[in-house]
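Down below is the structure, laid out as structure tokens.
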Amino acid sequence: MGNLLKGKKGIIFGALNDMSIAWKVAERAVEEGAEIVLTNSPMALRMGTINELATKCNNAQVIGCDVTKVEDIENLITKSMEIFGGKFDFVLHSIGMSPNVRKGIDYAELNYNFLEKTLDVSAISFHKVLNVCFEKDALNDWGSVLALTYMAAQRTVFGYNDMADAKALLESIARSFGYKYGVKRKVRINTISQSPTLTTAGSGVGGMNDLLDYAEKLSPLGNADALDCANYCLTLFSDLTRKVTMQNLMHDGGFSSMSMSEAVMEQYMKGKE
Ligand SMILES: NC(=O)c1ccc[n+]([C@@H]2O[C@H](COP(=O)([O-])OP(=O)(O)OC[C@H]3O[C@@H](n4cnc5c(N)ncnc54)[C@H](O)[C@@H]3O)[C@@H](O)[C@H]2O)c1
């Protein structure tokens, strides 16, 4: 389609199926000229349809990696550098999972072993990926690393549970590592705070359909969908955003700046009738 990422190489984590935000990012990145490596957990490689995506993406290589395991990440980065013939330019971390959410455990009664898993998979994994890239000096100067997050890190959303705590940590890691990697290699690190989106992870959140409807009605531009998110990611992988770093970037049709819209008020009044 275009040349926005011509000559750029990158790793995309988290494409499970064609609803995944990472799936759309992979498709769009390749359309804009990028060369990519796809990765997901060994379980997701068995359950999902990532090979279909790989074929579409100029037969991209798929490498299994459980992001909680540093040795898996080391293997992924080493193999990717072999495939790319050296350093690469961008990484998308599009990963989230909470056993507490999956099992419907209330926030006031969290299972702490599950909480550790939530934090490890959804946030600390970002530090692990960055750390391995940093140690192996795997990213080119002016590279770009993104993770996807949600506004519940700043403002409580009923039902988002311990994922809100994970997202707050994820956003903080982006800032802290953004400093280290910026100084070392001019690599920029940001999080994109995306609208609610109907995906496998998204549908795990309690009341997702109503949340989507509410956000749609509150946001002046409506919800951003997975393709909108992919397009925004591409701008941040491109050379057009080289001085944007350590930011949590709202990508939500204006939702986060709203408190009440006419459409939400009308719906609220109807509910009272
Ligand atoms: N869907 C939404 O409403 C929404 C909104 C804002 C942010 N996000 C974020 O977007 C990102 C992508 O989620 P999605 O909505 O595309 O859903 P998704 O279910 O398609 O993607 C989540 C991915 O995480 C992967 N994953 C889980 N455990 C892993 C592990 N141990 N190792 C490696 N990968 C693992 C899954 O295999 C899956 O591919 C997540 O960070 C999510 O929190 C989603």
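For the chain, the longest principal axis of the alpha carbon atoms and the long axis of helix 226-237 meet at an angle near 40°.
Among rounded, prolate and oblate, which fits segment 21-84 when a ≥ b ≥ c are the square roots of the eigenvalues of its C-alpha gyration tensor, a/c under 1.5 means rounded, and a/b larger than b/c means prolate? Oblate shape, in that a/c is at least 1.5 and b/c is the bigger or equal ratio. Close amide H pairs (under 5 Å, H built 1.01 Å from N) link residue 149 with 192, 193, 194, residues at least 5 positions away or on another chain.
Residues of segment 180-207 falling in the label zone of residue 141, defined by backbone nitrogen less than 16 Å from a point 7 Å along Cα to beta-carbon, are 181-188.
Counting other Cβ atoms within 10 Å as a rough exposure proxy, the listed residues 52, 171 run 52, 171 from fewest neighbours to most. Rounded to the nearest 20 debye, the dipole magnitude of segment 113-194 is 320 debye, with +1 charges on Lys and Arg beta carbons, -1 on Asp and Glu beta carbons, and the Cα centre as origin. Stretched out straight at 0.36 nm per residue, the stretch from residue 270 to residue 1 would grow longer than its current Cα-Cα span by 92.3 nm. In plain terms, the residue of 181, 268 with the fewest other Cβ atoms within 10 Å comes first and the most crowded comes last, giving 268, 181.
The Cβ shell under 10 Å around residue 132 holds other residues with a net charge of -2, Lys and Arg each +1, Asp and Glu each -1.
A simple count of charges around residue 271, restricted to other residues whose Cβ falls under 14 Å of its Cβ and scoring Lys, Arg +1 and Asp, Glu -1, yields -1.
Counting Lys and Arg as +1 and Asp and Glu as -1 over every other residue whose Cβ lies under 9 Å from the Cβ of residue 153, the net charge comes to 0. Taking the longest Cα principal axis of the chain as reference, the axis of helix 163-185 is set at about 30 degrees. In order along segment 6-17, the phi-based Karplus estimate (6.51 cos²θ - 1.76 cosθ + 1.60, θ = phi - 60°) of 3J(HN,Hα) comes to 4, x, 8, 10, x, 10, 10, 8, x, 7, 9, 8 Hz; Gly and Pro are listed as x. Only the Cβ atoms of Lys and Arg (+1) and of Asp and Glu (-1) were treated as charged; on that basis the dipole of the chain about its Cα centre amounts to roughly 800 debye. Structural descriptor for the chain: relative contact order 19 percent, calculated from alpha carbon pairs under 8 angstrom and at least 6 residues apart.
Axis angle, to the nearest 10 degrees, between helix 208-218 and the longest C-alpha principal axis of the chain: 80 degrees. With the charge dipole of the chain set up from +1 on Lys and Arg Cβ and -1 on Asp and Glu Cβ about the Cα centre, the Cα lying farthest toward the positive end among the listed residues 93, 150, 257 is that of 93. Segment 9-49 and segment 187-224 have Cα centres spaced 19 Å apart. Assign one of three labels to the chain, namely rounded, prolate or oblate, based on the Cα gyration tensor with a ≥ b ≥ c the square roots of its eigenvalues; rounded applies when a/c is under 1.5, prolate when it is not and a/b is larger than b/c, and oblate otherwise. Here the chain falls in the prolate category. Sorting 8, 128 by the number of Cβ atoms found within 10 Å of their own Cβ, with the fewest placed first, yields 128, 8. When the chain is treated as a GNM with alpha-carbon contacts under 10 Å, the residue of 244, 183, 205 showing the greatest mean-square fluctuation is 183.
Coordinate-derived values only; no laboratory data. From a predicted model like this one, the values you see are computed outputs, not experimental measurements. Don't worry about glycine lacking a Cβ; one is built from the backbone with ideal geometry, like all the others, and counts go over all protein chains shown.
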